[in-house]
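Read through the structure below, which is laid out as structure tokens, and then see the notes.
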Amino acid sequence: MKPMHIFPILRLAGAASVLFLTAGAVPALQAKEPAASVAKVNASGEVMGALGEVFSFLQPSSGQEARSVTANLAVTTATGGAEFLKDAKFHVQVQPPSRLLVKADIGERSLTFCQDGEKVWIHVPKKDFLIRADNTVPQFSTRPDSVQPVKFNLLSLPVSHSQLALLTVLLRMERQETATAGEAEYVLSPSPAAAAMELPVRNPSLTATVLVGRDWPSMLRYQDDRTKVELSVSPPVIAAALPDAAWQPVTDSNDREEHVALSQIDRFVKVVTANLGSRIPTLPPAKGARHLIAEEGAGRLEDFDGTKVLFLSGTPEEMGRQHGTLMKKEVRRLVDRVLYGVGVGTSFEKGRWFFGEIEEAVRRTGPFIDPRHLAEMDAIATAAGLQPEEIRLANFFPELFHCSGFALLGKATPDGKLYHGRVLDYMRGVGMEENAAVIVTRPEKGNAWVNIGYAGFTGSVTAMNEKQLCIGEMGGRGEGSWDGKPMAQLVREVMENTSTLEEALDYMRRTPRTCEYYYVISDAKTHTAAGVKATSTVFEVIRTGESHPQLAEPVPDTVLMSAGDRYTELAKRVKNGFGSFGVTQAINLMSRPVCMTSNLHSVLFAPDNLDFYVANADSERVASETRYTKYNLRSLLDSPPAKSE
């Protein structure tokens, strides 16, 4: 199960749970015969009654005998972002106030989640992996004092019984006859008042199909403008409390067990549910508009044609404070999405707990990180109201990026100018797009440079400095070889400490490195470029026009780096357009299928005059299909702050 699949799973689970419980709570409603083919249910009557029944079931009064509901659901239709759920099967046990078990079989993957009072366990049998979470485990292994007890209960409702009346303003229910005799559909959707607001998804609806005279739905359907999922429902079993054994994992001797902090599971659930249906709007045509958003010391944040440009200047501590203050919301959101959303989500696919894995990687790379950069991270954390460990761990995340890149120069372009393209393909759709920023950095020591990145990240994977030197990174293999300088910090140091291609190559060659990465580096001063294959023990340089066992189609005056069919297509396009590449033509090289469906950002550097063009993905399109915004590094460095709106 891929990390990004967690989001539609939880959306579906939430929708199904509401429909399942609501439909089952109002048997009198299903038994009614409608007066017409479509009948609107009285929102202040039957709907309130249904919601009240759900509330009473999920939050029983003290001394009330415990009841349980057990049911099986099967996905019969799944489209849009939920296509991977087709033919999935779910087994659900609910026993309020605090026992819930969901077993999901999706394709060849299986996962069981269980909340048993104040403890949680998650079992991934095909990975031989069992997670147990409670409130006794520290959040960070390096800090035994970081225990953060939380109240975790997925069955608790966010509203009180008296507040249920407010939902009648937001919801409407309609009964619709189907073509099958004795069958009716109950459709729950936003009321006109709710539809007029900015909802996280467009045109959502929840539908239950019920046979007249039965208390529970036989089919559930969730639908919005992008997703449709239908589930068949077996007749549920309503009984007394299940025995304790029903809430224990079925394991074998091969299972590897990890004991983790319940606060991390709690944060994961909150982050994922908060991200459901979030949308990044498409940028309108550029107008050259620019205005000041805020200032902090020598730093400032500007809006540049609808994009964020962050200016940092000074010591590491000063730049960290500027960063964390000016982009506090974005920094906190990125840490949530990276660590507690995507990070924890990868645990179930890998069969290894993310926090344990990334803490080990950070421990091993720590001795190789410049203390100034650590000081900057800590200052960001303080200003943003986060723990230092969170920012440090989040800054390791770029080590996982994968991409394509190229440099065109000499006879490949009509005027001999150098163009350096960079495609970042990684984790589109999990919320990083909302935190994108062009970060202009003027450190007290070293070159000024621009980082095409994300709030909270101090390292870089896409950058150009004031000396007309550009670099882009592509991920490879060898994950786990962490005894060296993290890739993103190495890229930053190349920008700040070197001014020519040869200096950059020498710096990278001499620096202890981690696992396999590929780079394209270009220098407009000498109109030279090179590709690099680097591991902890290997450092290979591929000059313009040179072949390599992994790059079988060299083109004169170019460096082309990608993989598989994407490399083949890139080489084909460059050969066909050789000698004609200007800005527009070079940008077009990065379109599908050279970029992947995960294309997060695409950048074209024109370092002869320090121009660069940036495109970020939105909710509808990959980066290379969105608007490219033009900037100039020299102008950004030299111009005074924009005026406030």
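The values are calculated or read from the model by the stated rules, or taken from the named source; none is laboratory data. As the structure is a prediction and not an experimental result, all values here were calculated from the model. In this analysis, Cβ positions are derived from the backbone assuming ideal geometry, glycine residues included, and neighbour counts consider all displayed protein chains. Note: accessible area is taken over every heavy atom of the protein model, side chains too, but ligands, DNA and RNA are not part of it. Shrake-Rupley method; radii C 1.70, N 1.55, O 1.52, S 1.80 Å.
By the combined test of axial Cα extent (at least 27 Å) and Kyte-Doolittle hydropathy (mean at least 0.5), the qualifying DSSP H helices of the chain come to 6-25. Net charge dipole, the range 495-614: roughly 300 debye, given to the nearest 20, about the Cα centre with Cβ charges of +1 for Lys and Arg and -1 for Asp and Glu.
Over all directions, how big on average is the projection of the convex hull of the alpha-carbon atoms in the range 457-573, in square nanometres? Before the final figure, lay out the partial values.
Numbers: hull surface 29.3 nm².
Mean projected area for the range 457-573: 7.3 nm², to one decimal.
Extension gain, Glu540 to Asp506, is 11.1 nm, computed as 0.36 nm per intervening residue step minus the present C-alpha separation.
For Lys445, neighbours were defined as the other residues whose beta-carbon sits under 11 Å from its Cβ, and their charges (Lys and Arg +1, Asp and Glu -1) total -1. By its C-alpha gyration tensor, with a ≥ b ≥ c as the square roots of the eigenvalues, how is the range 113-153 shaped: rounded for a/c under 1.5, else prolate for a/b larger than b/c, else oblate? Taking the square roots of the gyration eigenvalues as a ≥ b ≥ c, the range 113-153 is oblate. Which lysines, if any, have their Cα less than 20 Å from the Cα of Lys411, not counting same-chain residues under 8 positions apart? Qualifying lysines at Cα under 20 Å: Lys525, Lys572, Lys575. Dipole magnitude for the chain: about 640 debye, using +1 per Lys or Arg Cβ and -1 per Asp or Glu Cβ, origin at the Cα centre. Projecting the Cα atoms of Met487, Val555, Leu505 onto the charge dipole of the range 452-557 (Cβ charges, centred on the Cα centre) puts Met487 farthest toward the positive pole. From the largest down, the chain spans 81, 54, 51 angstrom on the principal axes of its Cα atoms.
Hey, what D do you get for the range 186-300 in µm²/s if you plug the Kirkwood alpha-carbon radius into Stokes-Einstein at 10 °C and 1.306 mPa s?
Details: Rh = 20.6 Å.
Estimated diffusion coefficient is 77 µm²/s.
Is the range 231-282 rounded, prolate or oblate when judged by the Cα gyration tensor, a ≥ b ≥ c being the square roots of its eigenvalues, rounded requiring a/c under 1.5 and prolate requiring a/b larger than b/c? Taking the square roots of the gyration eigenvalues as a ≥ b ≥ c, the range 231-282 is oblate. The translational diffusion coefficient of the range 509-592, from Stokes-Einstein at 25 °C and 0.890 mPa s with a Kirkwood hydrodynamic radius over alpha carbon pairs, comes to 176 µm²/s.
Would you mind counting up the charge near Glu625? Only other residues with Cβ under 11 Å from its Cβ, with Lys and Arg at +1 and Asp and Glu at -1. Combined, the nearby Lys, Arg, Asp and Glu give +1. What's the whole-number percent of alpha carbon pairs in the range 465-513 lying beyond 15 angstrom? Here the tail beyond 15 Å accounts for 45 percent of pairs. Using the Cβ atoms and a cut-off under 14 Å, what net charge is assigned to the surroundings of Gly421, where Lys and Arg are +1 and Asp and Glu are -1? Around Gly421, the charge tally is 0.
Which entries of Lys119/Lys270; Lys270/Lys308; Lys127/Lys151; Lys228/Lys350; Lys445/Lys467; Lys308/Lys630 have Cα-Cα distances beyond 23 Å here? Show your work: numbers first, answer last.
Numbers: Lys119/Lys270 17 Å; Lys270/Lys308 26 Å; Lys127/Lys151 29 Å; Lys228/Lys350 28 Å; Lys445/Lys467 14 Å; Lys308/Lys630 13 Å.
Where the Cα-Cα span goes over 23 Å, the pairs concerned are Lys270/Lys308; Lys127/Lys151; Lys228/Lys350.
With R₀ set to 51 Å, the beta-carbon distance separating Lys575 from Leu170 gives a calculated FRET efficiency near 0.30. When you work out D = kT/(6 pi eta Rh) for the range 94-252 at 10 °C and 1.306 mPa s, using the Kirkwood radius from C-alpha pairs as Rh and the Stokes-Einstein form, the result is 81 µm²/s. Residues of the range 421-438 with amide nitrogen under 13 Å from the 7 Å Cα-to-Cβ point of Glu479? Those under the cut-off are 427.
Place a +1 charge on the Cβ of each Lys and Arg in the range 262-370 and a -1 charge on the Cβ of each Asp and Glu, then give the dipole magnitude about the Cα centre in debye, rounded to the nearest 20. Display every interim value, and only then the final one.
Numbers: 17 positive and 15 negative charges, 76 e Å.
Here the range 262-370 has a charge dipole of around 360 debye.
Between the alpha-carbon centers of the range 57-131 and the range 470-498, tell me the distance in whole angstrom. So the two Cα centres are separated by 41 Å.
Rounded, prolate or oblate, given the Cα gyration tensor of the range 411-469, with a/c below 1.5 counting as rounded? Cα axes put the range 411-469 in the oblate bin.
Given a 1.4 angstrom probe, what's the average accessible area per residue across the chain, in square angstrom? Please list the in-between numbers first.
On the way: 26370 Å² over 645 residues.
Result: 41 Å² of accessible area for each residue.
Along the chain, the exposed loop sites are trypsin sites (Lys or Arg not before Pro) outside DSSP states H, G, I, E and B with at most 13 other Cβ atoms within 10 Å, and the longest stretch free of them is 478-642. Placing unit charges on the Cβ atoms of the charged side chains and taking the dipole of the chain about its Cα centre, the candidate lying farthest along the positive direction among Asn632, Ile131, Pro236 is Asn632. Carbon-plus-sulfur accessible fraction, the chain (probe radius 1.4 Å, protein heavy atoms only): 53%. From the alpha carbon centroid of the range 199-263 to that of the range 577-645 is 44 Å. Gain on full extension, evaluated as 0.36 nm per residue between His291 and Ser205 minus their Cα-Cα distance, stands at 27.0 nm. Bridge orientation summary for the chain: considering DSSP beta bridges with both residues in this region, about 90 percent are antiparallel.
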